[in-house]
Amino acid sequence: MKKARILRDLFFTFMQVGGLTFGGGYAMLPILQREVVEKRGWATDEELTDYFAVGQCTPGIIAVNTATFVGQKQAGILGGIVATLGVVAPSLVIISILAGFINTFAELAVVKNAFAGIRVCVCVLIFNAVCKLWKGSVKSRLALVIFVVVTLGSLFLDLSPILFVVMATVLGIGLEQFKLSSRKKEGEA
């Protein structure tokens with residue numbers, strides 16, 4: 001009975017996330033953070049940040065990958081499947097309905113203005129998510145250095161986000177190893 005309730009909660013929570021988010025991807029981050037961390041306690045901010053990072057590197061949509069990770073953590077493989085179905089169900093229904101109407105109404109000023117407003121809102125939601133992720137991730141000088149290097153690299157280099165994640169990982173490991181070896185040398189001296 002308990003597992004069935006968890007599966008139900010996973011499905012409906014992620015269905016709500018999928019149904020209330022316009023813009024997908026990064027626009028879902030603040031809603032996922034609120035639902036998964038603050039309301040449900042299914043993950044910590046740090047775990048959710050890790051899920052976002054891995055979700056960015058793996059094939060598929062970040063929100064779907066994150067739903068899969070959270071669902072799997074809560075209820076195993078079946079939980080991952082149920083959470084994934086929950087997050088994609090609203091989009092499938094909405095896209096199916098809109099597909100028949102979009103060509104007819106796409107040129108209407110009201111529709112164009114609505115999408116323009118939604119784009120602005122999505123930018124604000126993404127900015128909010130970045131600010132929350134910043135608080136949970138950039139806690140040291142090392143993290144700040146990695147943040148600055150990756151930010152500048154992403155602004156000025158046309159590279160895959162996967163390469164930035166790999167470079168940040170290598171840089172983090174390398175700098176941490178350097179700090180550890182420096183401490184050992186100081187201890188030996």
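The values are calculated or read from the model by the stated rules, or taken from the named source; none is laboratory data. Predicted, not measured: the structure shown is a model, and the values here were computed from it. Glycine gets a Cβ as well: all are built from the backbone with ideal geometry, and neighbour counts include every protein chain shown. We work out accessible area using only protein heavy atoms, side chains counted, and drop any ligands, DNA or RNA first. Shrake-Rupley method; radii C 1.70, N 1.55, O 1.52, S 1.80 Å.
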Q) Against the longest alpha carbon principal axis of the chain, how many degrees, from 0 to 90 and to the nearest 10, is the axis of helix 109-137 turned? A) 30 degrees
Q | For Val82, net neighbour charge (Lys/Arg +1, Asp/Glu -1) across residues whose Cβ lies under 10 Å away | A | 0
Q: Taking all protein chains together and a probe of 1.4 Å, list Leu10, Leu171, Leu157 from the most accessible to the least accessible.
A: Leu157, Leu171, Leu10
Q: Give the accessible area for Val111 in Å² (nearest 10); use a 1.4 Å probe, count only protein heavy atoms, and leave out ligands, DNA and RNA.
A: 30 Å²
Q.
So for the range 35-78, averaging the separation of alpha carbon pairs under 8 Å that are six or more residues apart and normalising by length, what relative contact order in percent results?
A. 27 percent
Q) Using only helices, what value at 222 nm comes out for the chain when you add -39,500 (n - 2.57) per DSSP H run of length 4 or more and divide by the total residues, to the nearest 500 deg cm²/dmol? A) -27500 deg cm²/dmol
**Q.** Nearest 10 degrees, 0 to 90: helix 2-20 Cα axis against the chain principal axis
**A.** 80 degrees
**Q.** Probe 1.4 Å - accessible area at Glu47, Å² to nearest ten
**A.** 60 Å²
Q.
Relative contact order for the range 1-153: what percent, with Cα pairs under 8 Å and sequence separation of 6 or more?
A. 30 percent
Q: On the protein heavy atoms, probe 1.4 angstrom, tell me the percent of accessible surface of the range 66-189 carried by carbon and sulfur.
A: 74 percent
**Q.** Accessible area (Å², per residue) of the chain, counting only protein heavy atoms and a probe of 1.4 Å
**A.** 64 Å²
Q | Dipole-positive endmost among Ile146, Pro30, Leu175 within the chain (Cβ charges, Cα centre) | A | Pro30
Q: Please identify, among Arg119, Arg40, Arg141, the residue showing maximal mean-square fluctuation in a Gaussian network model of the chain using a 10 angstrom Cα cutoff.
A: Arg141
Q: Once you have a ≥ b ≥ c as the square roots of the Cα gyration tensor eigenvalues for the range 43-176, tell me rounded if a/c is under 1.5, and otherwise prolate or oblate according to whether a/b is larger than b/c.
A: oblate
**Q.** Distance from the range 109-180 to the range 1-63 (C-alpha centre basis), Å
**A.** 19 Å
